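*Asks:* Shown below is the structure under consideration.
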Amino acid sequence: MGSKSVSKLSFRSLLEWIIALSVLLYLGSMVLVPDLYNVVPALLLLMSLVGFRYRKVVDAMEYKDWRLFSVFAGYFACFVVLVLLHGDDASSLDRPSRFLAAAIILTLLLRIRLAPVAMFAGAAIGGIGAGVFAGYQALVDGASRVTSFDNSIYFGNGALVLALVAFCGVVCGVHQRSWKPAWTLLYSAGFAGAMLALLLSGTRGGWLAVPVASMVFVWAYRRYILGHPGVLAASLGVLVVFGGTALSLDAVSQRVDVAVEQASDYFEGGEVKGSSVGLRLEMWHAGWLMYSGHPVLGVGDDNFDRELQALVDEGQVDESILTFRHLHNQFVDHAAKGGSVALLALLVVFLGPLVLFWCYMSSDNPLIKAHAVLGVTFVLTFMVFCLTQGMFSRNIGVMMYVIVPLLAWTVIRQAEAESQQVYRESEAKMVART
């Protein structure tokens, strides 16, 4: 092998290490360290642009990869059109542009091997850190709702994302022939810490997503669970522990009781002020009024405040919602600001990846199946998040959504390529013998 080939291999190995460390750093710091959730993807984007070679990208990507690329890039293109039609400020494209950045990063990840352990270890470190941090705030500081650099909702939802990735590591570890208990223990600790952080955050949207994720997992592994009594007992044990912990925490029961009471007060007496549920319901009402008046293109991002003020002046909604820049429901917010066009783009950016991951749910390859389940549960839980929060209204929410599916998809595609290579080699050996 010539010096040029050795140099090329060394550079590729270095790039793989940088990407693995970037993934580990991103997941490990996602809910605890400010700004790194932007810095790490920016580094990946820079490497993607510097190393972009059209022919290599075309050779590395298949039709299904282009579908994922088109979903993210198409979301950005949709908002470019809306901004031009509404005459909104170009800053409105800040968060949608991150979907285009994710599409570009995909072209790099599909050409460089990504070690799944970087994902799992990063999520485990992040989950353990979040759990310890949340426990300290709750037990030592006496906080009723724990949070880090952002508000409790993003902290809790981010913790659940880390729990999903860490649990994927547990599943992959159990199915590996060379099972390493130490790694599985680390991933399990990360899962437990992240779930504790979710509970202590008081994030009701995240709590609602847990049963959805659980049902997908049970359905995907139903045959394996029922065929292995030990796994069935462990699964039931996890549910019992999580449910028992949730019920034993006063903060959880109080948040649920308050939500029911506030919803009742809103529907019976129109109570809005001082009610988080009442405010949300009133914002959704305002969003519906905007959408019904502008069903195709919405009111526009820059015109949102004026339209909201007009609804208040007309007495159609309560003035207490004027301080909010988004409507605490991503579907309603997109419909109000971008009409059916933005709402359709949002549905595509959810359902597109969901369908791609779903197609791999029945794979016989344990690594592929685990990451397909991760992809499906992640997208569905994120859709649940978006029912009560504008997750795409802040950079942390956008980066959370675009990065995790890219990582899961990359592992699926490289595992699929390796399986096909092994199959071709075995076929070649059989032909040679005959």
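The values are calculated or read from the model by the stated rules, or taken from the named source; none is laboratory data. The structure displayed is predicted, hence computed values, not measured ones. Neighbour counts run over all protein chains shown; Cβ positions are idealised from the backbone, glycine included. Quick note on the areas: whole protein, heavy atoms, side chains included, nothing else; ligands and nucleic acids left out. Shrake-Rupley method; radii C 1.70, N 1.55, O 1.52, S 1.80 Å.
*Asks:* Contact list please: Cβ distance under 9 Å, first residue in segment 1-27 and surrounded by 10 or more Cβ atoms within 10 Å (Cβ to Cβ), second residue modelled with pLDDT under 55 and not aromatic (Phe, Trp, Tyr), pairs at least six apart or on different chains.
*Replies:* Cβ pairs passing all conditions: LEU9/MET1.
*Asks:* In addition: Here are some residues: SER178, SER188. Which one is modelled with pLDDT under 85, surrounded by fewer than 21 Cβ atoms within 10 Å (Cβ to Cβ) and not hydrophobic (A, V, I, L, M, F, W, C)?
*Replies:* Numbers: SER188 fails: modelled with pLDDT under 85.
Of SER178, SER188, the one residue that is modelled with pLDDT under 85, surrounded by fewer than 21 Cβ atoms within 10 Å (Cβ to Cβ) and not hydrophobic (A, V, I, L, M, F, W, C) is SER178.
*Asks:* Next question, about the same structure. Tally up the residues in segment 345-376 that are in a helix (DSSP H, G or I), of a type outside the set (A, V, I, L, M) and open to solvent by 10 Å² or more (accessible area, probe 1.4 Å), please.
*Replies:* Total meeting the criteria: 4.
*Asks:* Among the residues of segment 130-151, write down those that are in a helix (DSSP H, G or I) and open to solvent by less than 20 Å² (accessible area, probe 1.4 Å). Lay out the reasoning, then the answer.
*Replies:* Residues of segment 130-151 that are in a helix (DSSP H, G or I), as a first pass: 130-139.
Within segment 130-151, ALA130, GLY131, ALA134, GLY135 meet the criteria.
*Asks:* Another question, if that's okay. Of all residues in segment 265-319, which are open to solvent by 70 Å² or more (accessible area, probe 1.4 Å), part of a loop (DSSP other than H, G, I, E, B) and either at pLDDT 85 or above or at positive phi (or both)?
*Replies:* Those that are open to solvent by 70 Å² or more (accessible area, probe 1.4 Å), part of a loop (DSSP other than H, G, I, E, B) and either at pLDDT 85 or above or at positive phi (or both): GLY274, HIS294, VAL296, GLU314, GLN316.
*Asks:* Moving to a separate point now. Can you pull out the residues in segment 53-100 that are open to solvent by 20 Å² or more (accessible area, probe 1.4 Å) and aromatic (Phe, Trp, Tyr)?
*Replies:* TYR54, TYR63, TRP66, PHE69, PHE76, PHE79
*Asks:* Condition first: among the small types (Gly, Ala, Ser), in a helix (DSSP H, G or I) and in contact (Cβ under 8 Å) with a residue 24 or more places away in the chain. Now tell me which residues in segment 71-110 satisfy that. Talk me through it step by step, then tell me what you get.
*Replies:* Step one: filter segment 71-110 for residues among the small types (Gly, Ala, Ser), giving 73-74, 77, 87, 90-92, 97, 101-103.
Pick out the ones that are also in a helix (DSSP H, G or I) and you get 73-74, 77, 90-92, 97, 101-103.
Scanning segment 71-110 gives ALA73, GLY74, SER92, ALA101, ALA102, ALA103.
*Asks:* Are any residues in segment 205-262 of a type in the set (D, E, K, R) and modelled with pLDDT of 70 or more, and if so, which ones?
*Replies:* First, pick out the residues of segment 205-262 that are of a type in the set (D, E, K, R): 222-223, 250, 255, 257, 261.
Within segment 205-262, ARG222, ARG223, GLU261 meet the criteria.
*Asks:* Further, regarding this structure: Filter segment 46-70 down to the residues that are modelled with pLDDT of 90 or more and either in a loop (DSSP other than H, G, I, E, B) or not polar (S, T, N, Q) (or both) and list them by number. Before you say what the answer is, go through the steps one by one.
*Replies:* Looking only at segment 46-70, we keep the residues that are modelled with pLDDT of 90 or more, and these are 64-70.
Selection gives LYS64, ASP65, TRP66, ARG67, LEU68, PHE69.
*Asks:* When the residues of segment 111-128 are filtered to those that are open to solvent by 30 Å² or more (accessible area, probe 1.4 Å) and in a helix (DSSP H, G or I), which remaining residue is farthest from ALA42 (Cα to Cα)? Talk me through it step by step, then tell me what you get.
*Replies:* Restricting attention to segment 111-128, the residues satisfying the condition of being open to solvent by 30 Å² or more (accessible area, probe 1.4 Å) are 111, 113, 115, 117, 125, 128.
Checking the rest, the ones that are also in a helix (DSSP H, G or I) come to 117, 125, 128.
Working: VAL117: 22, ILE125: 21, ILE128: 25 Å.
Among those residues, the one meeting the criterion is ILE128.
*Asks:* Same structure again: Looking only at residues in segment 377-395 that are under 10 Å from the mean Cα position of the chain (by Cα) and either among the aliphatic types (A, V, I, L, M) or more than 24 Å from PRO41 (Cα to Cα) (or both), which one is modelled with the lowest pLDDT? Spell out the reasoning first.
*Replies:* Initially, segment 377-395 is screened for residues under 10 Å from the mean Cα position of the chain (by Cα), giving 377-383, 385, 391.
Those still in the list that are either among the aliphatic types (A, V, I, L, M) or more than 24 Å from PRO41 (Cα to Cα) (or both) too: 379-380, 383, 391.
On the way: VAL379: 96, LEU380: 95, MET383: 94, MET391: 89.
The residue in question is MET391.
*Asks:* I've got another one for you. For segment 306-327, enumerate the residues that are free of Cβ contacts under 8 Å to residues at least 12 places away in the same chain and closer than 28 Å to VAL80 by Cβ.
*Replies:* Going residue by residue through segment 306-327, those that are free of Cβ contacts under 8 Å to residues at least 12 places away in the same chain are 306, 310, 312-315, 319, 323.
The answer is ARG306, ALA310.
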